[in-house]
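The structure appears right after this line, and notes come after that.
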Amino acid sequence: MILGKFWRALKAQMNKVANFFWTADPIAQMQYEYDMAVTQLTEGREGLEQYRALVERVSRQVAVDKQHVASLEAKIKAYLTAGDRETAARFALELQKAKTQLAEDQGQLDMHETAYNNNVAKIKHATKKLSDVRQKIAKYDAELKMSRAEAEMAKLATSFNFDVTTDFGQIEQVIQDRIGLNRAKARVASDLSSEGIADIQHEQAMEKVLAEEALKEFEIQTGLRTPETAGVTDTEKHLGPAAEKQTVVQ
């Protein structure tokens, strides 16, 4: 009883392993079954060729029997025509035996021909079936590969769902935050670059007026120009907002 349970458990495990390898690669399994069927069909064809040789031998024997019967019939007629009934009777008895042999051989030939034709039909049908199986294997192989690709594409599409709850979504959020920070820095730099432009321009204008006044004083001191020609007045020497509005007379 214990051995029986152990044997059944062992067979169950072996069946489990066999099923695993059976379903691991169904296309390879179908190809294996197809190759086995092709091998069996090849062996069957070789056997059919040998069987045909037997049919040909029986056919030749039937042809010999027919010739023998025809020969005996001709001899019987000849001896009857010659009036030799005794010899004709002896050949008539031999003719009966020859016809019996011919009937037996003809029966064997008909039986073998029928069996041969049936086997030929079976092999032709099996060949057609194998051709269909080969096409199915190619079709299933292509469909299986396509279904695997579709499954991978579906899995990939799910993985690349940029939801904020997924890793990809979180990464995308970090990238967008960095892009926003960079744009903010650029905006701040742009805003700061325009700040104080009016003061800078005002200061530059003041420096230009002061430089012109300093040049005029230098020209007067060196005698290059007189105060009258330089147009220098006491008000021009006072610094302030009025200096920015004064028109310099050359």
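Each reported figure results from applying straightforward, stated rules to the coordinates on display, with no laboratory input. Please read all numbers here as calculations on a predicted model, not as lab measurements. With ideal geometry, Cβ positions are generated from the backbone for all residues, glycine too; neighbour counts draw on all protein chains shown.
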Quiz item: Stretched out fully, how many nm does the piece from LYS77 to ASP110 gain, at 0.36 nm a residue minus the Cα gap?
Solution: 8.9 nm
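Work out how much length ARG148 to ILE175 would gain on full extension: take 0.36 nm times their residue separation and subtract the Cα-Cα distance, in nm to one decimal.
This chain segment gains 6.4 nm when fully extended.
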Exercise. Please give the FRET efficiency for ALA53 paired with ASP84, using the beta carbon to beta carbon distance and R0 = 41 Å, rounded to the nearest 0.05.
Key: 0.40
Self-check item: 15 Å beta-carbon shell around GLN135, net charge (K/R +1, D/E -1)
Solution: +1
Exercise. Would you pull out the residues with amide H under 5 Å of ASP84's amide H, same chain only if 5 or more places away, H placed 1.01 Å from N?
Key: none
Self-check item: Residue among LEU80, HIS112, LEU102 farthest towards the positive dipole end of the stretch 74-114, charges placed on Cβ
Solution: LEU80
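What number comes out for the charge environment of GLN108, summing +1 per Lys or Arg and -1 per Asp or Glu over other residues with Cβ under 13 Å away? Let's see the in-between values first.
Details: positive: ARG57, ARG60; negative: GLU56, ASP65, GLU104, ASP105, ASP110, GLU113.
Its environment carries a net charge of -4.
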